[in-house]
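Visitor: Below: one structure in C-alpha cells.
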Amino acid sequence: MGTAKAPQRRAILTGGLAAGAALLTACSSKDTAGTGKAVAGTPSPSPAAASRPDSPWSAFARLMEGNKRWVDGTLQHPDRDPKRRAFVAEAQDPYGVILSCIDSRVPPELVFDSGLGDLFVMRTGGQVVEPVVVGSVEYGPMTSGTPLVVVLGHQRCGAVKAAYGALKDDKPLPGNLQSIAEALRPAYRETVKRQHADPVDAMVRIHTKQTAADLRSNKDLAPLVKKGELAVVSAYYSLDTGRVEVLTGAPSA
C-alpha cells in the first residue's frame, strides 16, 4: 500500500487487529505471472497513484470537488477504465473512508464522482455502527494511512424515520430492524430535548454528528486525529440537490 507514512501507522496495531490486517493485506498482494502465488510488493507508480491525496485537507478537497461535479452535472468518471482496474488489482491505496446509509439513492462513489480504488465504503441502515463496522472504518487509517473518514447522513432517511417512530411510540420494529432503532436511541434522546420542525431530519443530523464524534475519540483513531494525520468529518447529503453539506470536523488547509 503506498504512502511513506503507512509504516508508522501500522506500528500502532496490536494483537488480533494486527493479525487481521495482515490477512486483509495479503488479499492485495501481487500475483506472480503464471504462478498463482502471491508475493509481497506494491504496483509500479502510475499517474493515478502519484496523485493520491496524502493529507486530510487534500483528501477532503478531492472529495468535495467530486461532489461539486455531481451537483453541477460535470462528471469526470475518473479512474474507471481497464488500465485503472489492472493497476488496483495489484494493491489498493484509497484516500478516503465513507460510512453511509444503505439507501439506494446515496451511492458514495457516484455522489463524490470517484474512481476504482479511491474509497473504502461501508454502508449500514442509518449508518449505524457496531464493532465490526468500527473495525472496518479503522482499517484504512490504521493500515495504509488513509487520511479521511466521512460519516454521511442523508435527507429523508427511511431507517431513521422508522427508528424515530418505533422509539416514539414504544413499538419495536420487526426482526433485527429493532437493533438499528436501538443504535439510534442516543440520537433520538437528543432530538426530543428540543422542538424541531422536522424531527426526523434533525435526528439524522444529530446521529451523524454523534457517530463522527465517537469515531474521532476512538482510542485507536484519536492519536491519528491529534497528530493531524486523520480527519473525521460528519456530513449530510441532500437528495433534492445532490449537495453534501459538512456538519462537523472539516480539516483546515
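The values are calculated or read from the model by the stated rules, or taken from the named source; none is laboratory data. Computed from a prediction, not measured in an experiment: that's the story for all the values here. For neighbour counting, all protein chains shown are included, and Cβ atoms are generated from backbone atoms with ideal geometry for every residue, glycine included. The accessibility values were calculated without ligands, DNA or RNA, using every heavy atom of the protein model including side chains. Shrake-Rupley method; radii C 1.70, N 1.55, O 1.52, S 1.80 Å.
Visitor: How long are the three semi-axes of the equivalent ellipsoid for the range 76-168, computed from the Cα gyration tensor as the root of 5 times each eigenvalue, in whole Å, largest first?
Guide: Largest first, the range 76-168 gives 28, 16, 9 Å.
Visitor: Sort 54-60, 104-110, 119-125 for me by packing, meaning the mean count of neighbouring Cβ atoms within 10 Å per residue, highest on top.
Guide: Descending mean neighbour count gives 54-60, 119-125, 104-110.
Visitor: Tell me, what is the percent relative contact order of the range 176-253, built from C-alpha pairs under 8 Å that lie six or more residues apart?
Guide: In percent, rounded to a whole number, it is 20.
Visitor: Using amide H atoms built in the peptide plane, which far-off residues or other-chain residues are under 5 Å from V150 H to H?
Guide: V97, I98, L99, V233
Visitor: So what J values fall out for the range 51-63 if you push phi through Karplus, 6.51 cos²θ - 1.76 cosθ + 1.60 with θ = phi - 60°, rounded to Hz, Gly and Pro as x?
Guide: Couplings: 8, 4, x, 10, 9, x, 5, 5, 5, 4, 4, 4, 5 Hz.
Visitor: In the range 162-225, what percent of the accessible surface is made up of carbon and sulfur (1.4 Å probe, ligands and nucleic acids excluded)?
Guide: Here it works out to 51 percent.
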